[in-house]
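Since the structure comes first, as structure tokens, the remarks are kept for the end.
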Amino acid sequence: MDERRRKILYRASHRGMKEADLMIGGFVAARISELDVPQLDRLESLLDELDMDIMDWVIGRKPVPEQHDHDVFHMLAAFKPYDGFV
């Protein structure tokens, strides 16, 4: 894994809110190797947002802002961290 991906993974899994660490960090850990450079750019922009905002967008409590309504957000929203555990 290259340095950029390692930094993104760290940011995604050390959010400060346990639920966000699990959801966002789990998604990034599982999928970061699949993302191309433009997708990494979009992911980093998404990581600049507050945990509660991202969580609200994912569960549909608030509409997703246009700048984050993209493939990476939709991949995150569809991610099921516990698939295979039950």
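Of the residues making up the stretch 21-31, those that are out of contact with any Leu (no Cβ under 9 Å at 6 or more places or on another chain) and either open to solvent by less than 70 Å² (accessible area, probe 1.4 Å) or among the hydroxyl-bearing types (Ser, Thr, Tyr) (or both) are ASP21, GLY26, ALA30. Residues in the stretch 1-20 that are open to solvent by less than 60 Å² (accessible area, probe 1.4 Å) and closer than 17 Å to TRP57 by Cβ: ALA12, ARG15, MET17, ALA20.
Restricting the stretch 40-56 to residues that are in contact (Cβ under 8 Å) with a residue 24 or more places away in the chain and over 15 Å from GLY25 (Cβ atoms) leaves a set whose member that is most open to solvent (accessible area, probe 1.4 Å) is MET52. Take the conditions loosely packed, with under 13 Cβ neighbours inside 10 Å, more than 18 Å from ASP2 (Cβ to Cβ) and out of contact with any Pro (no Cβ under 9 Å at 6 or more places or on another chain) and apply them to GLU34. Does it pass? The answer is no for GLU34. Quick check: is even one residue across the stretch 68-78 of a type in the set (Val, Ile, Thr) and open to solvent by less than 40 Å² (accessible area, probe 1.4 Å)? Within the stretch 68-78, one or more residues are of a type in the set (Val, Ile, Thr) and open to solvent by less than 40 Å² (accessible area, probe 1.4 Å).
The values are calculated or read from the model by the stated rules, or taken from the named source; none is laboratory data. These numbers were taken from a predicted model, which means no experiment stands behind them. When we count neighbours, we look across all protein chains shown, and the Cβ atoms used for this are built from the backbone with ideal geometry, even at glycine. Heavy atoms of the whole protein, side chains included, go into the accessibility calculation; ligands, DNA and RNA do not. Shrake-Rupley method; radii C 1.70, N 1.55, O 1.52, S 1.80 Å.
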